[in-house]
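Down below is the structure, laid out as C-alpha cells.
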Amino acid sequence: MASIDEMKKVCSQVRRDIIRMTHLVNSGHPGGSLGCTEFMVALYWEIMDHNPAFNMSGENEDIFFLSNGHISPVFYSVLARSGYFPVDELKTFRKIDSRLQGHPATHEHLPGVRVASGSLGQGLSVAVGAALGKKQNNDSKLVYSLHGDGELQEGQNWEAFMFAAHHNIDNIIATIDRNDAQIDGRTKDVMDLGDLRQKVESFGWKTIDVADGNDLQSVIDGLQKAKAACGQGKPIAIILNTKMGYGVDFMHDKYQWHGKATNEEQTADALGQLEETLGDY
Amino acid sequence: MKALQDYDLSIASDTRSGFGAGLTALGAANDKVVALCADLTGSLKMNEFAKNHPKRFFNCGVAEANMMGVAAGLSINGMIPFTGTFANFSTGRVYDQIRQSIAYSHKNVKICASHAGITLGEDGATHQILEDIGMMKMLPGMTVIVPCDYNQTKQATLAIAEHEGPVYLRFGRPKVPNFTPENTSFQIGKADILQEGTDVTIIACGIMVWKSIEAAIELAKDGISVELINMHTIKPLDTEAILKSAEKTGAVVSAEEHQRHGGLGDAVAQTLSMHRPTPLEMVAVNDSFGESGKPDQLMQKYGINTEHIIAAAQKAINRK
C-alpha cells in the first residue's frame, strides 16, 4: 500500500503522461483527464483489490469501468503505471496499429479494459450488469465506474440508475466527475443538471459528496466511505467535485481544454509545473 | 430428402413460442444462461424461464438501451445473457448500445427479437421493423439468424447458447406452419436444402420459407423444377450453397420479410455478382414502411406472398 506522498508523486507523473501523450498526436482529451487524476490514482493504488495480470472476467477482484471514455489518457497512464502494460506503450496513443485507441476498446486486447466506451452514457449500464454478475457468482468484490457530469445528459444513465436501485445492486460505486464543464461550455449553461445529488438520491441511490476531488486524501476518504456503505441494499454514487485541467495553471477550470492538446510552448509550460517523479516514458 | 408435398403445412405455431420453449430448455440445461426482458415477458414467451429461474431473470422495464448494457456487463462474468423484446426495440432503438457495448466489445450477448416484420400486423409500421437484418448484419462479428418455424426457432435458441459471440435471433408473432422435423440440431451458417431442382433456386428465410414451399409446389405443376434453400443464417452466409445452386439452375430468387435494401437478397446479390453473375429476382418489401392490417393482407399488399415468389421465379428463368 502506497503512502499519500508516494501517490502524489504518481499523480504528478500521470499528469505529465497526459500532457505528453496528447501533445504528441495533437489530439485527445487532457482536461477531464487532469481533473480525474487523483481519483484514478486513489482507485488503482489504494482502493481496489485488482490484478494487473489481467483477465476479462475479473473474478474475485474489484473491477473498474470508464464510461466517459474520452479521458482515456488518464486511464491508460494509470493502467500502465500500475503494471497492466509497458509504460513505453503510452507513446503509441492514438497512432496506427496501437492498442491505445482514441477511446478505450477491447478490440486490440489492451489489458485493463473490459468494454469499449466513448459513445457516452453506456458505461453505467455495463457496470451495473457486471455488478449484478458478481452477485450471481457470489463474488463479494466490487464494481467501480466513472462518468462525466455532462455525460449524465444521456438518458440511458437514468435507466441504469432505476435498474440498479430496483434490483438492489449494492456492490457498485459509480463516481460522477462533477467538473461543471463539457465541450460547449459550463454544464449549467449547456444543459443544467440541477440538483444532481437530489436527482440521484431520488432514483434510489445513496450518494457521497467529495467536496474537493483533487485533494487525494479527500478522494480516498470518500471512496472508503463508499466501500463501507456497500452491501446495504442500495447502489452508491460519489459526486466528485473536480476542476477540469487541474494541475496546470492555464488549463485550470477551463472547459476549452476538454478536447484540445497543448502546443509546443504550452507543453513546456505545463511540464514545468509537473515534477517528473517516476521517469517519463 | 423429403418431398415438398409431404411437409405438413397445416399445423401452425408461432416462432416466438419456439424461442420460449428453447429458452425454457436452456434454463434447465445451462445455469450460465440468464434472461433479460423489457416489459414484454409474455409477448416473448419468457414466462416459463422467469417462473423457473427467478434469480436468473431480470425485468428491465421499458428501457431497452440499459438492458443491452446490463447484458454486456453480465457477459463479462461468464453469464450468457439472452435479451428479449420486439425486433424494432432490439435493433433500431438500441443500435449504438449494441454497436459499442456488445459488438465492438466482443460480448457474448444473444439479442432475441420477436414481432419482426410486417406480419406483426395490426400494431402498424411503428412496430413493423423491416430494416433489422440489414442493421445487424453490418455489425462486424455479429451472427444473424432468421429461423423458419417453431421447431427451428427452438433449435436455433439452443444452438446460439453454445456459440461464443454476439448473435441476433429474429422471429415473429403470427402462427405459421411448423414443418421442419422436431429435434433437428441447428447448424449456424449451414443452409438447409429443402428440395433439389434444376430450373431456378429460391433462397428464403423466416416465414418466407413456407411461402416458398407453396410456390415451389405450384411451379412444379408448370413443369418448373425448383431448388429450395432455407437460408436461416444470414451471417455468416453459406455462400458455397448459393454458388453451387446458382451453377446448377442459372436463375435465383431471394425471399424475405424485410426491406429489399440490406437484407438476405442483398447478401445473395453480393455473393452472385462477385463470384458467379446470375439473374436474381428479389421478393422483399420495396423501400416502404408497412401499415396496420392482418398478416396475410399485408404480405399480399407489400408483395411478399406466394404469388410474388412464383412470378419472380418465372421472371428469373426468363432472364437466363
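Helical runs assigned H by DSSP (4 residues or longer) give chain A a calculated mean residue ellipticity at 222 nm of -11000 deg cm²/dmol, each run adding -39500 (n - 2.57) before division by the residue total. Span-like helix check, chain A: qualifying full DSSP H segments, with Cα axial length of 30 Å or more and mean Kyte-Doolittle of -0.5 or more, are A:4-25.
All C-alpha to C-alpha distances of the stretch A:4-272, sorted into 10 Å bins beginning at zero, yield P(r) values of 7, 33, 39, 19, 3, 0 percent in whole numbers.
Between the residues B:100, B:258, B:144, the greatest Cα displacement towards the positive end of the dipole of chain B, with unit charges on the Cβ of Lys, Arg, Asp and Glu, is found for B:100. Residue ranges B:220-233, A:67-80 sort as A:67-80, B:220-233 when ordered by packing (mean number of other C-beta atoms within 10 Å per residue, highest first). Only bridges whose two residues both fall in chain B count here: according to DSSP, what percent of them are antiparallel, nearest 5? Around 20 percent of the beta bridges assigned by DSSP in chain B are antiparallel ones. Taking B:237, B:130, B:139 in turn, the Gaussian network model of chain B (Cα-Cα springs below 10 Å) assigns the largest fluctuation to B:139. With one equal scatterer per alpha carbon and no solvent term, the Debye-computed log10 I(q)/I(0) for the protein assembly as shown at 0.06, 0.08, 0.09, 0.11 1/Å reads -0.37, -0.61, -0.74, -0.96. When every Cα-Cα distance of the stretch B:186-318 is counted in 5 angstrom steps from zero, the calculated P(r) takes the values 2, 12, 23, 25, 20, 12, 5, 1, 0 percent.
Take every Cα pair under 8 Å whose residues are at least 6 apart in sequence, average their separation, divide by the length of the stretch B:12-177, and the relative contact order is 30 percent.
The spacing between the stretch B:98-155 and the stretch A:117-174, judged by their C-alpha centroids, is 25 Å. Most simply put, chain A has about 10% antiparallel DSSP beta bridges, counting only bridges with both residues inside it.
Legend: mean number of C-beta atoms from other chains within 10 angstrom of residue C-beta atoms, peptide B:104-113, equals 3. This model, with +1 at the C-beta of Lys and Arg and -1 at the C-beta of Asp and Glu, gives the stretch A:4-272 a dipole about its Cα centre of some 300 debye. Once the dipole of the stretch A:13-88 is set up with Lys and Arg at +1 and Asp and Glu at -1 on Cβ about the Cα centre, which of A:50, A:82, A:23 lies farthest towards its positive end? Towards the positive end, the residue furthest out is A:23.
Here the protein assembly as shown carries DSSP beta bridges of which approximately 15% are antiparallel, counting only pairs with both residues inside.
For the pairs A:254/B:107; A:135/A:225; B:235/B:320; A:206/B:137; A:9/A:91, flag any whose C-alpha to C-alpha distance is greater than 30 Å.
Check vs 30 Å cut-off fails for A:254/B:107; A:206/B:137.
Under the classification rounded if a/c is under 1.5, otherwise prolate if a/b is larger than b/c and oblate if not, where does the stretch B:12-177 fall, given a ≥ b ≥ c as square roots of the Cα gyration tensor eigenvalues? Rounded, because the longest to shortest axis ratio a/c is under 1.5.
Cα centroid separation, the stretch B:27-84 to the stretch A:224-257: 33 Å. When the charge dipole of chain B is built from unit charges on Cβ atoms (+1 for Lys and Arg, -1 for Asp and Glu) and taken about the Cα centre, the candidate among B:160, B:114, B:5 whose Cα reaches farthest toward its positive end is B:160. The local environment of residue B:292, defined by Cβ-Cβ distances under 10 Å, has a net charge of -2 under the rule Lys, Arg +1 and Asp, Glu -1.
Legend: Rg and Dmax of the stretch A:65-156, from Cα coordinates, 13.9, 41 Å. Please report how far the C-alpha centroid of the stretch A:208-222 lies from that of the stretch A:31-73, rounded to the nearest whole angstrom. A separation of 16 Å, based on Cα centres.
In the neighborhood of residue A:61, defined by Cβ-to-Cβ distances under 12 Å, what is the net charge if each Lys or Arg adds +1 and each Asp or Glu adds -1?
Values: positive: A:114, A:134, A:141; negative: A:49, A:59, A:62, A:139.
So the environment of residue A:61 carries a net charge of -1.
Overall size of chain B from C-alpha positions, given as principal axis extents largest first: 58, 39, 37 Å.
Values quoted throughout were computed directly from the atomic coordinates according to the rules given, and no laboratory measurement underlies them. Everything numeric here is computed off the predicted structure, so don't read it as measured data. Counting neighbours? That spans all protein chains shown, and the Cβs are built from the backbone with ideal geometry, glycine included.
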